1. If I ask for residues that are assigned to a helix (DSSP H, G or I) and buried (at least 19 other Cβ atoms within 10 Å of the Cβ), which ones from region 198-210 would you list?
2. Looking at (1) in a loop (DSSP other than H, G, I, E, B); (2) buried (at least 19 other Cβ atoms within 10 Å of the Cβ), find the lone condition where Asn85 falls short.
3. Would you confirm, using the coordinates I've provided, whether Glu173 is charged (D, E, K, R) and in contact (Cβ under 8 Å) with a residue 60 or more places away in the chain?
4. Assess whether Arg13 counts as being in contact with a helix residue (DSSP H, G or I) (Cβ under 6 Å, 6 or more places away or on another chain), part of a loop (DSSP other than H, G, I, E, B), under 24 Å from Val169 (Cα atoms) and not small (Gly, Ala, Ser).
5. Check Ala130 against each of (1) open to solvent by less than 10 Å² (accessible area, probe 1.4 Å); (2) closer than 19 Å to Ile188 by Cβ; (3) of a type outside the set (Asp, Glu) and name the one condition it does not meet.
6. Here is a list: Leu141, Leu119. Which entry is open to solvent by less than 40 Å² (accessible area, probe 1.4 Å), closer than 20 Å to Leu192 by Cβ and either part of a helix (DSSP H, G or I) or of a type in the set (Asp, Glu) (or both)?
7. So, of the residues in region 40-69 that are in a loop (DSSP other than H, G, I, E, B) and touching a residue at least 24 places away in the same chain (Cβ under 8 Å), which turns out to be surrounded by the most Cβ atoms within 10 Å (Cβ to Cβ)?
8. Could you check region 157-196 and list, in sequence order, the residues that are farther than 18 Å from Glu142 by Cβ, open to solvent by 10 Å² or more (accessible area, probe 1.4 Å) and either assigned to a helix (DSSP H, G or I) or touching a Ser or Thr at 6+ places or on another chain (Cβ under 7 Å) (or both)?
Amino acid sequence: MASEKPILYSYFRSSCSWRVRIALALKGIAYDQVPVNLLKDGGQQFSAEFKALNPMQQVPALKIDGITLSQSLAIIHYLEETRPNPKLLPQGPKKRAQVRMISDHIVSGIQPLQNLSILQRMGEKKMEWAQQCITSGFQALEQILQHTAGRYCVGDEVSMADLCLVPQVFNAERYKVDLSPYPTITRINKALLELEAFKASHPSRQPDTPAELRA
């Protein structure tokens, strides 16, 4: 392994960045963080410097082992393959498929519809739109989790699905979504937030968290 410390380009409130921060914390990987403020200076992700790093102009990006990776799930899969302990994908093919299904459901089916670039185009309908996207996604997710969940999303071990769930629930709370219809989501989220890796990586505890939002 390269001896250089990995560098994570992150934004405190980015749910995609948070997924990767949880993975790094769970696997005990020390890293340096470079904050990319998605709101300041018209969005620092649009700078020529950052575009060279990630042409999609999104966070997170991770420099590790001499390569630069973007897309949170691709990063998590790489960490899983190169640093397998503790594992974030279960052994059996059925459970692995369930973990991937739930992860994709969140990262493709919910999060992109309510991310910053979309909401900025929605004007004053922003809140209503975000609530609608999250609610329809959570209705499906609640139903799926009733079949797959143990203590966490799939059985009793923390998996990649849980890394996707917690940041999405945080978004739901930010956009004032009523979570009472989703007891399984709520229960799992609460259990996960008791784990140190989820606490340490929380948006309220990052180097770029504004003072008024700090835990």
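1. Residues satisfying the conditions are Phe198, Pro203.
2. Here Asn85 meets the rest and fails (2).
3. Against the criterion (charged (D, E, K, R) and in contact (Cβ under 8 Å) with a residue 60 or more places away in the chain), Glu173 does not qualify.
4. The answer is yes for Arg13.
5. Every condition holds for Ala130 apart from (2).
6. When all the criteria are applied, what remains is Leu141.
7. Val59
8. Arg174, Glu196
The values are calculated or read from the model by the stated rules, or taken from the named source; none is laboratory data. Keep in mind it's a predicted model, so treat the numbers as computed, not measured. Please note: Cβ atoms are built from the backbone with ideal geometry, for glycine as well, and neighbour counts cover all protein chains shown. Ligands, DNA and RNA are excluded from the accessible area calculation, which covers all protein heavy atoms including side chains. Shrake-Rupley method; radii C 1.70, N 1.55, O 1.52, S 1.80 Å.
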